[in-house]
Amino acid sequence: MEARRASQQLKARLLHERRVARSTAREARARQRADKAIQKRLDQQARRARKQHQQSIKIARSAPKKPSTPRKQVIRPTQALSGAADLDEVASSASTPSTRRGRLIKTPSRYK
């Protein structure tokens, strides 16, 4: 009877020890996962900071040496019109349609 009770107590103690060992291992794994997640977050922040720093250096290097000013449009003087032939050319060129880029649109003769 004593041997049986001692055997049961031994089994119960071993079972309890295994449960405790499993729970401590589970807690250790959870702590390890949490530490790994924290380290990953820190690495990502460091990577972002490094990248942002590199971009700011790149922007600083590529800055223009002198400030750009708006370009002035050069207005070319037109030739003075002389004679009726020039007036006809001006009148005909004014009546011909052109694109926004300034190219003349030549309509076929059958539509004139």
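No value in this document is a laboratory result; all are computed from the given coordinates. What you see is a predicted model; the values in this text were computed from it and never measured. Here the Cβ is made from the backbone with ideal geometry for all residues, glycine too, and neighbour counts use every protein chain on show.
I'd like the Karplus ³J(HN,Hα) series for the stretch 100-106: coefficients 6.51, -1.76, 1.60, θ = phi - 60°, whole numbers in Hz, and an x wherever there's a Gly or Pro.
5, 7, x, 7, 6, 9, 9
Tell me the net charge near Gln9. Cut-off is 13 Å between Cβ atoms, Gln9 excluded, with +1 for each Lys or Arg and -1 for each Asp or Glu.
Counting the neighbours of Gln9, the net charge comes to +2.
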